[in-house]
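The values are calculated or read from the model by the stated rules, or taken from the named source; none is laboratory data. Please read these numbers as outputs of a predicted model, since none were measured by experiment. When we count neighbours, we look across all protein chains shown, and the Cβ atoms used for this are built from the backbone with ideal geometry, even at glycine. These accessible areas exclude ligands, DNA and RNA; they are computed on the full protein's heavy atoms, side chains included. Shrake-Rupley method; radii C 1.70, N 1.55, O 1.52, S 1.80 Å.
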Amino acid sequence: MLILGIESSCDETGAALYDTEKGLLSEALHSQIDMHRLYGGVVPELASRDHIRRAISLIDTVMEKAHKTRKDLDAIAVTEGPGLAGALLVGTSVAHAIGLALDIPVIGIHHMEGHLLSPMLASDKPTFPFVALLVSGGHTQLMEVQALGQYKLLGETLDDAAGEAFDKTAQALGECYPGGPVVSRFAELGRSGVIELPRPLIHAPNFDFSFSGLKTAVMNAIRNAENPQDPQFKYDLARGFVDSVTDVLVTKSIKALKKTRCKNLVVAGGVSANKQLRASLEKSCRRIGAKVFFPPSNLCTDNGAMIAVAAAAHLKDIQSAQNTKSTATGFQIKPRWTLNTATE
Ligand code: KG4
Ligand code: ZN
């Protein structure tokens, strides 16, 4: 089956073509980062308008790249939520319009389920059951995943998400949004242990996270610095920050693996692109005889491929996709939608 995946929940318009036999055929992405950077964060109305401008041409691009036409499509997968309402409406409108025109099913996908299943796009694919660490700009969650659609939340952030903490740290250092890539780059040049930052909730008897205190600690370090503009200070602070986030995420993930007796850990979402986090998780998992799986580096942040692969995973279980068919009665978006109810 040939599935077109469409993602438009935030500031990236993504399209991809996924073949259930051959895998990912093509993928295209437009990032709105340069447009939002001027404002220090995502401006929802501008995001929606830009998705309108990009969606159709990105879909045409993935068709051309894979030498396919719309008539070859068997299904369309689209992010139904969570995300910015206006942005979600663009992707879902386009998906359902094409679905109606071609009389093919349209499958609404939970954005975080897309991230969670994105390691299925890598050559080394995870098998169920696994523990999932989802670390993005809006979420930090640990899940126990017994099978497709069985997502049990073990713990999540009580305040800022891990990606949000990267973004706020970059902002405090006078750097651009999004902060993940720049803070990671700085951290690689910094020295471990020069600036020690707290590891919030690391020893708490649960799987919850808290990153807002870490952001405050970063700001205090900048306030108390002799020369906050000194590049080496910035690198050392970034290193202290990444060490702290990595330590917390790794410790809790290992604890979750031990508690659930799972041998597989899946790590996904924008922060999973961080090299230091990847290396530390690999080392710690190896030590306890577990294995960690990541999405391909270029598919850690939002993209259409993860939405298509999630739909492909569900299609295997759906005998007839007819019940997901687009109808003239309309469609829905779910700007607020928790993943444990993804299959409801
Ligand atoms: O998954 P994603 O693209 O969007 C959401 O669903 O939120 O994640 C975006 C987040 C941003 O906060 C960004 O700063 C962070 O992922 N990020 C990174 C890296 N690349 C992106 N964080 C740490 N290291 C990176 N290399
Ligand atoms: Zn995302």
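Residue-wise test of (1) more than 16 Å from ligand 2 (Cβ to nearest atom); (2) modelled with pLDDT of 95 or more.
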{"site": "Thr140", "(1), (2)": "no, yes"}
{"site": "Glu144", "(1), (2)": "yes, yes"}
{"site": "Leu158", "(1), (2)": "yes, yes"}
{"site": "Ala170", "(1), (2)": "yes, yes"}
{"site": "Cys176", "(1), (2)": "yes, no"}
{"site": "Phe186", "(1), (2)": "yes, yes"}
{"site": "Arg191", "(1), (2)": "yes, yes"}
{"site": "Ile195", "(1), (2)": "yes, yes"}
Checklist entry - From Leu17, Leu2, Leu38, Leu116, which residue is surrounded by 16 or more Cβ atoms within 10 Å (Cβ to Cβ) and out of contact with any Lys or Arg (no Cβ under 8 Å at 6 or more places or on another chain)? => result Leu116
Checklist outcome for this item: Of those in the range 264-285 that are crowded, with 22+ Cβ neighbours inside 10 Å and under 16 Å from Thr127 (Cβ atoms), the residue farthest from ligand 1 (Cβ to nearest atom) is Leu265
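For (1) hydroxyl-bearing (Ser, Thr, Tyr); (2) within 22 Å of the chain's Cα centre (by Cα); (3) within 16 Å of ligand 2 (Cβ to nearest atom), each residue gets a yes or a no:
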residue: Leu214; (1), (2), (3): no, yes, no
residue: Ala221; (1), (2), (3): no, no, no
residue: Asp230; (1), (2), (3): no, no, no
residue: Lys252; (1), (2), (3): no, yes, no
residue: Ala256; (1), (2), (3): no, yes, no
residue: Val267; (1), (2), (3): no, yes, yes
residue: Arg278; (1), (2), (3): no, yes, no
Checklist outcome for this item: Restricted to the range 74-92 and to residues being touching a strand residue (DSSP E or B) at 6+ places or on another chain (Cβ under 6 Å) and open to solvent by 10 Å² or more (accessible area, probe 1.4 Å), the residue farthest from Ala16 (Cα to Cα) is Glu80
Next on the checklist: Being open to solvent by 50 Å² or more (accessible area, probe 1.4 Å) and closer than 18 Å to Leu133 by Cβ narrows it down to one residue among Asp247, Asp160; which is it?
Outcome noted: Asp247
Checklist entry - If Asp103 passes every condition in (1) in contact with a strand residue (DSSP E or B) (Cβ under 6 Å, 6 or more places away or on another chain); (2) open to solvent by 10 Å² or more (accessible area, probe 1.4 Å) but one, which one does it miss? => result (1)
